[in-house]
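The values are calculated or read from the model by the stated rules, or taken from the named source; none is laboratory data. Please read all numbers here as calculations on a predicted model, not as lab measurements. All Cβ positions, glycine included, derive from the backbone under ideal geometry; neighbour counts span all protein chains shown.
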Amino acid sequence: MKKLTFTSLALLSLLFTACLKQNNDCCTVPYQPYFVAERNGLQVYAEPGSAKVGTDSISIIGKTQDAGIRMNIKYTGKGVYALTGNQAKYYQRIGTDTVSRYSIGLANGSSVEVTDIDTVNKAIAGKFTLKMKRTFPTSSSTYPDSVKYTKGQFVLYLPRN
């Protein structure tokens, strides 16, 4: 009985090893996406994401349980994309309620730069700077009038068609 058990285990381990050797890259992800920046001088990390907007634009997204950033660009590849108006938004939430919202408005100096593109894996890397003004609530002693993101960096997968 011991010989049969040993033989069965040896065959099973050989079978699993052979299957794994044939496809070493079966489950590896080429990139570990990330989204990081300094918000008003404090380091923040967010879950990265992207979404398709219309036929030729994308959203670069970073969100946590209580806040989120969305930057919309007309994506054409590597380069610097100046942001104005509602092309970038930041919001804060408590539970399911949005308690503050910010947008770029007429402020200058907000941009996204796509620094690297991987066309095979459909991933992009880049950096960003955002200068935003509060749009909601109109007056507040709790939430700052403006929010500034500096040293922003991201790696994310592009949205699938």
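For this structure, a couple of remarks:
- Within the set Thr135, Thr96, Thr129, Thr115, the sole residue that is within 16 Å of Lys63 (Cβ to Cβ) and surrounded by fewer than 18 Cβ atoms within 10 Å (Cβ to Cβ) turns out to be Thr96.
- Gly126 in contact (Cβ under 8 Å) with a residue 60 or more places away in the chain and of a type in the set (Gly, Ala, Ser): yes
- Any hit, the range 27-45, residues being modelled with pLDDT under 95, farther than 20 Å from Lys148 by Cβ, exposed (fewer than 15 other Cβ atoms within 10 Å of the Cβ) and of a type in the set (A, V, I, L, M): yes
- Residue check: Ser50 meets all listed conditions (1) surrounded by 15 or more Cβ atoms within 10 Å (Cβ to Cβ); (2) without any contact (Cβ under 8 Å) to a residue 40 or more places away in the chain; (3) closer than 21 Å to Phe35 by Cα; (4) of a type in the set (S, T, N, Q) but one, namely (2).
- Residue match in the range 62-75 (condition: hydroxyl-bearing (Ser, Thr, Tyr) and in a strand (DSSP E or B)): no
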